[in-house]
Amino acid sequence: MAKTIYLDNAATTMVNPKVVDAMMPFFTEYYGNPSSIYSFAGKAKEAVEDARAAIAGILGAKTEEIYFTGGGSESDNWALKATAEMYGSKGKHIITSTIEHHAILHTCDYLEKQGFEITYVGVDENGRIKLDELKEAIRPDTILISVMAANNEIGTIQPLKEIGAIAKEHGILFHTDAVQAFAHIPINVDEMNIDMLSASGHKINGPKGIGIMYIRKGVKIGSFIHGGAQERKRRAGTHNVPGIVGMGVAAKIATEEMQERMAYECKLRDHLIERVLTEIPYSRLNGDRTNRLPNNTSFCFRFIEGESMLILLDQAGICGSSGSACTSGSLDPSHVLLAIGLPHEIAHGSLRLTLSEQTTMEEIDYTVDELKKIIERLRSMSPLYEDFVKKNAN
Ligand SMILES: *Cc1c(COP(=O)(O)O)cnc(C)c1O
């Protein structure tokens, strides 16, 4: 197999050619600034509003509650920092989870330095947030609960409806980082009592550098990027019209095909999990077996060092990632794997393979065949493994 097998769709996705086609005219033909008055810009303005309406429809939101941003990280920063700024006089306590994306965790670090107090609620061994701990963490000065919809490393889907109900009961704002979940699994902001939600174009076969923030009407957070009057004066900057069009079309396609795609990806995912766990000794699946993104698999292999495994997979034409993908160059194991209770030495041997609707069964089988060989080879060079086998033999 000479072709690349791309199994890192949680990191980013291929832009759907239909999305590219929809974007193209907005570079060379309808390139007007949608904020301009003349009719030449009308087409661009209309396209931006169509995309906004489509995304609102998918979330069960009102069109005017959708704001375009520069991506998932910006939306996460906006939600946390602007809530802190606007509601800080009411209270300085924020609740989040131990397994959030760094766009949330590092923003929380920043807010701690600004005098906010953050409680990090733990997760169980499958990565599901401990709801009892969440309830206990609530204080009179709590202004925000931010818990991700689905985890980017281990694929665990959080009980959003339950979290939303708890937040609502206590009159606390609820933000969710839905970058991995939006247009992959059903989300409804009213049913789940979500007040703010972040999503990103490039995780749904759309372009990079475009995202959205849903802000429920009545939530009073201010602007994060100051400048012009775009986005109801809440997010300045000339609209990224091709990006917005691309994200809108990508979201529409993903939603129309969601059921079919979920069923297909689940079939591949379950086959991959089944083969790895039965054919590779001392392997484990990370994350919840059922409350799991359809395209996510995450494993740990004992006596294996994640980086070496990734390099050998790359030589076989397979793109995967370890838990520490975002902090490449660092040897720290993933905070998510540590949070689900794995010891360092096991967390180091992690591998995340994330699928798309383009992935084929042949690619999955080839990947498992190669992975088996790679793990055998690495273990044959491991003194730890040798000792372990000897000990078990006696
Ligand atoms: C990718 C990702 C982000 C960041 O989104 P960008 O658009 O790349 O800035 C945030 N949160 C989660 C869960 C992600 O997977």
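The values are calculated or read from the model by the stated rules, or taken from the named source; none is laboratory data. The structure presented is a predicted model; accordingly, all values stated were derived computationally and were not measured. Backbone-built Cβ (ideal geometry, glycine too); neighbour counts: all protein chains shown. Only protein heavy atoms, including side chains, enter the accessible area calculation; ligands, DNA and RNA are left aside. Shrake-Rupley method; radii C 1.70, N 1.55, O 1.52, S 1.80 Å.
What do you reckon, is Ala44 assigned to a helix (DSSP H, G or I), surrounded by 15 or more Cβ atoms within 10 Å (Cβ to Cβ) and more than 16 Å from the ligand (Cβ to nearest atom)? Even if it seems obvious, please write down each step before you answer.
Working: assigned to a helix (DSSP H, G or I): yes; surrounded by 15 or more Cβ atoms within 10 Å (Cβ to Cβ): yes; more than 16 Å from the ligand (Cβ to nearest atom): yes.
So Ala44 passes the test.
Only one of the listed residues (Phe182, Phe174, Phe224) is modelled with pLDDT under 95 and more than 25 Å from Lys43 (Cα to Cα). That residue is Phe224. Test each condition in (1) part of a helix (DSSP H, G or I); (2) over 20 Å from Gly201 (Cα atoms) for Asp50 and report the one that comes out false. So Asp50 meets the others, but not (2).
Cβ-Cβ distances below 6 Å connect the following pairs, each with a first residue in the stretch 59-88 that is farther than 26 Å from Ala47 by Cα and open to solvent by less than 10 Å² (accessible area, probe 1.4 Å), a second residue that is within 16 Å of the ligand (Cβ to nearest atom) and not small (Gly, Ala, Ser), and a separation of six or more residues or different chains: Leu80/Thr107; Ala82/Phe224.
Would you confirm whether any residue within the stretch 203-216 is modelled with pLDDT of 95 or more, more than 14 Å from the ligand (Cβ to nearest atom) and part of a loop (DSSP other than H, G, I, E, B)? Talk me through it step by step, then tell me what you get.
Initial filter on the stretch 203-216 (modelled with pLDDT of 95 or more): 203-216.
Filter once more, keeping what is more than 14 Å from the ligand (Cβ to nearest atom): 214-216.
Then drop every residue that is not part of a loop (DSSP other than H, G, I, E, B), which leaves 216.
Yes; the residues of the stretch 203-216 include at least one that is modelled with pLDDT of 95 or more, more than 14 Å from the ligand (Cβ to nearest atom) and part of a loop (DSSP other than H, G, I, E, B).
Is it the case, given these coordinates, that Gly246 is under 20 Å from Leu355 (Cα atoms) and within 16 Å of the ligand (Cβ to nearest atom)?
Details: under 20 Å from Leu355 (Cα atoms): no; within 16 Å of the ligand (Cβ to nearest atom): yes.
No.
To keep it simple, each residue is scored yes or no on (1) of a type outside the set (A, V, I, L, M, F, W, C); (2) on the phi > 0 side of the Ramachandran plot.
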| position | (1), (2) |
| --- | --- |
| Pro159 | yes, no |
| Phe174 | no, no |
| Asp177 | yes, no |
| Ala181 | no, no |
| Pro186 | yes, no |
| Asp190 | yes, no |
| Asn193 | yes, yes |
| Met196 | no, no |
| Gly201 | yes, no |
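Counting only residues that are farther than 17 Å from Ala183 by Cβ and open to solvent by less than 10 Å² (accessible area, probe 1.4 Å), the stretch 198-216 holds 1 of them. Somewhere in the stretch 186-197, is a residue in a strand (DSSP E or B), under 19 Å from Lys62 (Cα atoms) and open to solvent by less than 40 Å² (accessible area, probe 1.4 Å)? There is at least one residue in the stretch 186-197 that is in a strand (DSSP E or B), under 19 Å from Lys62 (Cα atoms) and open to solvent by less than 40 Å² (accessible area, probe 1.4 Å). Within the stretch 69-101, which residues are within 12 Å of the ligand (Cβ to nearest atom) and either of a type in the set (Ser, Thr, Tyr) or over 17 Å from the mean Cα position of the chain (by Cα) (or both)? Selection gives Thr69, Ser73, Ser75, Ser97.
The lone criterion from (1) more than 16 Å from the ligand (Cβ to nearest atom); (2) surrounded by 24 or more Cβ atoms within 10 Å (Cβ to Cβ) left unmet by Asp177 is number (1).
Check Ile154, Ile163, Ile104, Ile143 and return the single one that is within 16 Å of the ligand (Cβ to nearest atom), touching a residue at least 12 places away in the same chain (Cβ under 8 Å) and not in a helix (DSSP H, G or I).
Working: Ile163 fails: not in a helix (DSSP H, G or I); Ile104 fails: not in a helix (DSSP H, G or I); Ile143 fails: within 16 Å of the ligand (Cβ to nearest atom).
Exactly one residue qualifies, and that residue is Ile154.
Residues in the stretch 217-229 that are open to solvent by 30 Å² or more (accessible area, probe 1.4 Å) and either assigned to a helix (DSSP H, G or I) or of a type outside the set (A, V, I, L, M) (or both): Lys217, Gly218, Lys220, Phe224, His226, Gly227, Gly228.
How many residues does the stretch 231-254 contain that are part of a helix (DSSP H, G or I) and either open to solvent by less than 40 Å² (accessible area, probe 1.4 Å) or on the phi < 0 side of the Ramachandran plot (or both)? Reasoning before the result, please.
First pass over the stretch 231-254, keeping only residues part of a helix (DSSP H, G or I): 231-233, 241-254.
Next, only the ones that are either open to solvent by less than 40 Å² (accessible area, probe 1.4 Å) or on the phi < 0 side of the Ramachandran plot (or both) stay: 231, 241-254.
Here the count works out to 15.
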